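The values are calculated or read from the model by the stated rules, or taken from the named source; none is laboratory data. Here the structure is a predicted model, which means the values were calculated and not measured. Please note: Cβ atoms are built from the backbone with ideal geometry, for glycine as well, and neighbour counts cover all protein chains shown.
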Amino acid sequence: MKLVTYLREETDQLAILVDGLLYNTQDLHPELPNNMQMFLMVWEDVIDIAKHADARLKAGNKPANGIPVESVQILAPIPFPTSCRDGYAFRQHVAAARRNRKVEMIPEFDEYPIFYFTNHNAIQGPGKVACMPDHFDKLDFELEAAIVVCKPGRNITAAEADYYIGGFMIMNDMSARTLQMEEMKLNLGPAKGKDFSTVIGPMLVTPDELEAFLIPAKPGHTGNNYNLKMTCKVNGIQVSEGNMGDMDWTFAEILERCAYGANILPGDVIGSGTVGTGCFLELNGTGKLNDPAYQEQWLQPGDVVEMEIAGLGVLKNTIVKEESDFSILALKKKP
C-alpha cells in the first residue's frame, strides 16, 4: 500500500495511491482516519481495513473521485513526526568518508548501530527547500531511506522490531557542511548544520509492497533487508547510486538500540544514514583523493535534487535562497 499526504483545504489529507490516482481514506471506509497522525495512532485497528480498501482499488473497484497525484501539493508522508532520528547504517559511506580524511576506519562502527536526533519540526516533503546564506557554504544532500514507527514499544529486540515498522520512505538529510564541521569540533551535534530541513517522501510504502525485494541481512545481523536501487540526480545528472541492501545495520537493529530504556512512539521517523556515494562530501573527498585538481561540487540556489529508490518513488526538491543576508558564521567571537 502506498500512502500519500497532500494539502487539501489548507490541511493535511491522507490518501491511498493507486495507478496515479489518490483516494481519500475517509471516502474508502468510515473508520479510516483522514490524516497520517491519527492513522499511526490507531494503526493496529485500521491497517487491515486500509489494506482491504487498497486491494479493492487495485482490483479495479475504484470510486469515481480519484484525484490525479500530479494535480495536488504533496506533503511529507509523516507531516508531524513525534521525533526524527538518523542512523549510520552503511559501512561503505563511513569507510570512504574516513579514508578521504586520511583517518582509520572506526572499529566501533561494527560493534553497534548509532543514531542522532535531528529537528522533527523541520520535516518537509517534495518542493522548495529554503536555505539561509550560511547553509550555502558547502550545502549538501544525503541519499537515505527512512522508516516510521507504527506502534509504541520499549526495550524491543531486533528479532521483533520489524513488526514496529509501518513503512518506508526516501529521506534527504540536508546538510550545511561548514556549519556542521565547525560545531562538531566541540564534540556535540550535529545541530545547525542539520536542523533547517530534512526531506521525506513522496509516500509511505508499507512492507507488504516490498516483500518481493526481501534479501538476507548481512552475516551476523538481524532483521529484514531489501534489494532496492537508490539514485540521486542533481539538475538531471546522476551523481549517486547505491542500494538499500547494502545496509550493514538493519532498521530492526537500529530500532532495538533506539528502544533500549526509552519509548518509541507511532510517528517516530528513523533514517538509515547515507548510502555509499550518497553525498557531495564523500564524492568530493574521493575525487580530490584521486586528483588534487578535482573541482568540488555543492548545491546552489535553483538546483533540482531528485532522489529515487525502487518501489518508493521519486523525491524531488528545488533549492531556493531565503531573502536574507543574516549570517551566524559572521557572529563567531575572535580570540
Qualifying residue in the stretch 270-293 (condition: among the hydrophobic types (A, V, I, L, M, F, W, C) and in contact with a Cys (Cβ under 8 Å, 6 or more places away or on another chain)): yes
Among residues of the stretch 170-211, those that are in a loop (DSSP other than H, G, I, E, B), closer than 18 Å to Cys131 by Cα, in contact (Cβ under 8 Å) with a residue 24 or more places away in the chain and not acidic (Asp, Glu), counted: 6
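Conditions tested, residue by residue: (1) among the polar types (S, T, N, Q); (2) without any contact (Cβ under 8 Å) to a residue 24 or more places away in the chain.
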site: Val4; (1), (2): no, no
site: Leu7; (1), (2): no, no
site: Met38; (1), (2): no, yes
site: Lys58; (1), (2): no, no
site: Phe80; (1), (2): no, no
site: Cys84; (1), (2): no, no
site: Gln92; (1), (2): yes, no
Enumeration of residues in the stretch 276-298 that are more than 13 Å from Cys232 (Cα to Cα) and either hydrophobic (A, V, I, L, M, F, W, C) or within 17 Å of the chain's Cα centre (by Cα) (or both): Leu281, Leu289, Ala293, Trp298
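Can you name the residue in the stretch 99-113 that is in a loop (DSSP other than H, G, I, E, B) and touching a residue at least 24 places away in the same chain (Cβ under 8 Å) and, of all such residues, is nearest to Glu282 (Cα to Cα)?
Initial filter on the stretch 99-113 (in a loop (DSSP other than H, G, I, E, B)): 101-106, 111-113.
Now narrow it down to the ones that are touching a residue at least 24 places away in the same chain (Cβ under 8 Å): 101, 112-113.
On the way: Arg101: 10, Tyr112: 22, Pro113: 20 Å.
Among residues in the stretch 99-113 that are in a loop (DSSP other than H, G, I, E, B) and touching a residue at least 24 places away in the same chain (Cβ under 8 Å), the one nearest to Glu282 (Cα to Cα) is Arg101.
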Which numbered condition Asn317 fails, given (1) touching a Ser or Thr at 6+ places or on another chain (Cβ under 9 Å); (2) part of a loop (DSSP other than H, G, I, E, B); (3) polar (S, T, N, Q): (2)
Condition met for Val94 (over 15 Å from the mean Cα position of the chain (by Cα), within 20 Å of Met230 (Cα to Cα) and in the same structural domain as Tyr226 (by TED's automatic domain parsing)): yes
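So in the stretch 295-314, with the set limited to residues that are on the phi > 0 side of the Ramachandran plot and either touching a Phe, Trp or Tyr at 6+ places or on another chain (Cβ under 8 Å) or part of a loop (DSSP other than H, G, I, E, B) (or both), which one is surrounded by the most Cβ atoms within 10 Å (Cβ to Cβ)?
Pass one, the stretch 295-314, residues on the phi > 0 side of the Ramachandran plot: 302, 311, 313.
Going one step further and asking which of them are either touching a Phe, Trp or Tyr at 6+ places or on another chain (Cβ under 8 Å) or part of a loop (DSSP other than H, G, I, E, B) (or both), we end up with 302, 311.
Working: Gly302: 10, Gly311: 17.
Residue satisfying both the conditions and the ranking: Gly311.
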Count of the stretch 116-137 residues which are more than 22 Å from Trp298 (Cβ to Cβ) and among the small types (Gly, Ala, Ser): 1
Residue that is surrounded by the most Cβ atoms within 10 Å (Cβ to Cβ), among those in the stretch 25-68 that are assigned to a loop (DSSP other than H, G, I, E, B) and small (Gly, Ala, Ser): Gly66
Test for Glu209: is it under 30 Å from Ala176 (Cβ atoms), assigned by TED's automatic domain parsing to the domain that holds Ala130 and at pLDDT 95 or above: no
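Filtering the stretch 274-294 down to residues that are in contact with a Gly (Cβ under 8 Å, 6 or more places away or on another chain) and not in a helix (DSSP H, G or I), which residue is surrounded by the fewest Cβ atoms within 10 Å (Cβ to Cβ)?
Ranking the qualifying residues of the stretch 274-294, first place goes to Tyr294.
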Residue within the stretch 252-264 that is over 21 Å from Asp86 (Cα atoms) and assigned by TED's automatic domain parsing to the domain that holds Lys138 present: no
Pair list, Cβ under 9 Å, 6 or more apart: the stretch 116-127 residue within 13 Å of Lys194 (Cβ to Cβ), other residue buried (at least 21 other Cβ atoms within 10 Å of the Cβ) and among the acidic types (Asp, Glu): Tyr116/Asp86; Phe117/Asp86; Thr118/Asp86; Thr118/Asp173; His120/Asp268
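Restricting attention to the stretch 184-213, and to residues there that are in contact with a Ser or Thr (Cβ under 7 Å, 6 or more places away or on another chain) and not charged (D, E, K, R), which single residue is surrounded by the fewest Cβ atoms within 10 Å (Cβ to Cβ)?
Of the residues in the stretch 184-213, the ones in contact with a Ser or Thr (Cβ under 7 Å, 6 or more places away or on another chain) are 193-195, 198.
So of that shortlist, the ones also not charged (D, E, K, R) come out as 193, 198.
On the way: Gly193: 23, Thr198: 28.
For the stretch 184-213, the residue satisfying everything is Gly193.
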